[in-house]
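Trainee: Dropping the structure in here first, questions after.
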Amino acid sequence: MALAEKLGSLTSTQIWAISALFLILSFVADFASHPHYPNEIPVMGKGRGKLNALLDSFRYITSYRRWVRNGYVKFGKKGLPFVVPTPLSRPQEVIIPRNQIAWMIDQPDNVLSSLEAHNAMLYTEYNFFGRRFSHDPFPNLILHKHLPRHLPTIIPNLDDEVQHAVSKALGNDTENWKSVKLWNLWLEIVPHVTSRLLIGPEICRNKQFIDGMVNFTNDVIRNSLLMQFLPRVLHPIVGPLLSISNHLHWHSAHIPAQPIIQKRLNAMIKKAAGDAEFKYYTPPEDYVTWFIRQALAEERTFDLDPVVLSKRLLPLEFAAIHTTVLTGQLWMQDLLASDPGSGILDILRAEINAHKPESGPWNKAAISSLVRLDSSIRESQRVSNFTVTVIERKVVSDKGLYNPDLGWTLPKGSFITANLDGTHHDMDLYENAESYDPLRYSRSREAWDAKSDEEKNSEPEEDTPGK
């Protein structure tokens, strides 16, 4: 009772002061628990020290890209790594130079983990409904295993969905112009096509399902941004509160998807059990089918549930929707801002018409022939990159990560990534690096294809396109 009376007697000023002190001490505790990087690795921003880290944490949103670019010029181009500040609740990032990327990729998962890095950056334990879902690599392994082998079947299906989505977004009026917002246009296309790959045609055109998935993706982005500016001691409290909207939007999408998944699940289980009625049943080749097939083969009974399966779709929808929408928007902006005298739109249109199958949908071979279109997209990703770094990894080995070339060891818990922005805008690597040259990549490919077999065989291996 005495404690209650004391708490009740606190003034609003005292409550604010105690709250501020709690936050400061929490951030100090977070900072103290972060891994300590070798002194040989320079730090961008104001430099080392707790006070400097605190000041830089407030400048993170506005200064991160500038730090990475300046670090590339000062250190990365010389083959040296550097550290970039982050919000205080997160360990700072070590950004390695271009010549160390191969070494980084070669590290085994029990030393450098991409899964652990993504879980930390996206706060997946809260955003994706617990560790049982967020820390299991099974869903990603299924996609990597089955997608390549089923591309010949999938591409015509995706072509059908693209045609439907584009017609719905733009209409079929070929006589009059229509004004569109590029972001909204791509958002009308990408989620439908992604969902066609994941769950099939029965649900990918359902508005409630699509809206639920898009809103869920927005929730993850918002929550991840907010969580990184809160001390970790508050994450178990704030995380579940922020993720309430995640649950609501997932449930909204799950309602129309549940009967489709349940029907597929029942049919495939009965077929696997030898039920004569389902002897000739052939499920559509999409992610849901691959997932059920693999779960049956590995006897993963937990995953043979429509609720679990629909939650397994969430990370894939998240990964595909906004990155693809943003890529498409920036690509179209770059194309439309190009010099009209270059005739790039006519060039791409001519290539598409030349390689479009005479009958039937697009196929793998025809799409592979669109080297100029591919070049225009790759060039947009280079010059208008919306990510500053790439290939995020977290050191998970108790022994840390030793770099034999530079002689230092990163302790367990360190975050390491590669510089994307600097290399993509390096004048020494790309001619007119700041300019959008849509045919930059296709010129070398077309020049190579124009050579005779004898000329190709005489070329050094490093001069071969793609090497």
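The values are calculated or read from the model by the stated rules, or taken from the named source; none is laboratory data. Bear in mind the structure is a predicted one, so any value in this text is a computation, not a measurement. Glycine gets a Cβ as well: all are built from the backbone with ideal geometry, and neighbour counts include every protein chain shown.
Trainee: Looking only at residues in the range 270-287 that are of a type in the set (Asp, Glu) and under 23 Å from Ser195 (Cβ atoms), which one is surrounded by the fewest Cβ atoms within 10 Å (Cβ to Cβ)?
Mentor: Going through the range 270-287, the residues of a type in the set (Asp, Glu) turn out to be 275, 277, 285-286.
Among the residues that remain, those that are also under 23 Å from Ser195 (Cβ atoms) are: 285-286.
Values: Glu285: 18, Asp286: 22.
Across the range 270-287, the extreme among qualifying residues is Glu285.
Trainee: Still on this structure: Within the range 112-132, track down each residue that is farther than 18 Å from Lys412 by Cα, in a helix (DSSP H, G or I) and not aliphatic (A, V, I, L, M).
Mentor: Those that are farther than 18 Å from Lys412 by Cα, in a helix (DSSP H, G or I) and not aliphatic (A, V, I, L, M): Thr124, Glu125, Tyr126, Asn127, Arg131, Arg132.
Trainee: I would also like to ask the following. Which residues, taken from the range 363-380, are outside any helix (DSSP H, G or I) and among the aliphatic types (A, V, I, L, M)?
Mentor: Passing the criteria: only Leu370.
Trainee: I want to confirm something. Restricting to the range 22-60 and keeping residues that are closer than 19 Å to Gly400 by Cβ and of a type in the set (Ser, Thr, Tyr), which single residue is surrounded by the fewest Cβ atoms within 10 Å (Cβ to Cβ)?
Mentor: Applying the filter and picking the extreme gives Ser33.
Trainee: Name every residue in the range 186-227 that is crowded, with 20+ Cβ neighbours inside 10 Å and either of a type in the set (Asp, Glu) or not in a helix (DSSP H, G or I) (or both), in order of residue number.
Mentor: Within the range 186-227, Gly200, Ile203, Cys204, Asp219 qualify.
Trainee: Right, next: Looking only at the range 133-185, how many residues end up being over 19 Å from Ala319 (Cβ atoms), outside any helix (DSSP H, G or I) and within 25 Å of the chain's Cα centre (by Cα)?
Mentor: The qualifying residues number 1.
Trainee: Could I ask something else about it? Going by the conditions given, is Glu175 touching a His at 6+ places or on another chain (Cβ under 8 Å) and over 21 Å from Gln333 (Cβ atoms)? Explain how you work it out, then say what you get.
Mentor: Numbers: touching a His at 6+ places or on another chain (Cβ under 8 Å): no; over 21 Å from Gln333 (Cβ atoms): yes.
Here the answer is no, as Glu175 does not meet what is asked.
Trainee: Do we find that Ile261 is aliphatic (A, V, I, L, M) and in contact with a Pro (Cβ under 6 Å, 6 or more places away or on another chain) in this structure?
Mentor: yes
Trainee: Which residue is nearest to Pro201 (Cα to Cα), if the candidates are limited to the range 259-283 and must be assigned to a loop (DSSP other than H, G, I, E, B) and either modelled with pLDDT of 95 or more or touching a Lys or Arg at 6+ places or on another chain (Cβ under 8 Å) (or both)?
Mentor: Only one residue fits best here, namely Pro283.
Trainee: Could I ask something else about it? Do we have any residue at all in the range 61-75 that's among the hydroxyl-bearing types (Ser, Thr, Tyr), touching a Phe, Trp or Tyr at 6+ places or on another chain (Cβ under 9 Å), surrounded by 15 or more Cβ atoms within 10 Å (Cβ to Cβ) and closer than 16 Å to Thr387 by Cβ?
Mentor: Checked against the condition, which is being among the hydroxyl-bearing types (Ser, Thr, Tyr), touching a Phe, Trp or Tyr at 6+ places or on another chain (Cβ under 9 Å), surrounded by 15 or more Cβ atoms within 10 Å (Cβ to Cβ) and closer than 16 Å to Thr387 by Cβ, the range 61-75 yields at least one hit.
Trainee: Could you please find all residues in the range 70-92 being over 26 Å from Glu116 (Cα atoms) and touching a residue at least 40 places away in the same chain (Cβ under 8 Å)?
Mentor: Of all residues in the range 70-92, those over 26 Å from Glu116 (Cα atoms) come to 70, 73-75, 77-79.
Of everything in the range 70-92, those that are over 26 Å from Glu116 (Cα atoms) and touching a residue at least 40 places away in the same chain (Cβ under 8 Å) turn out to be Val73, Lys77.
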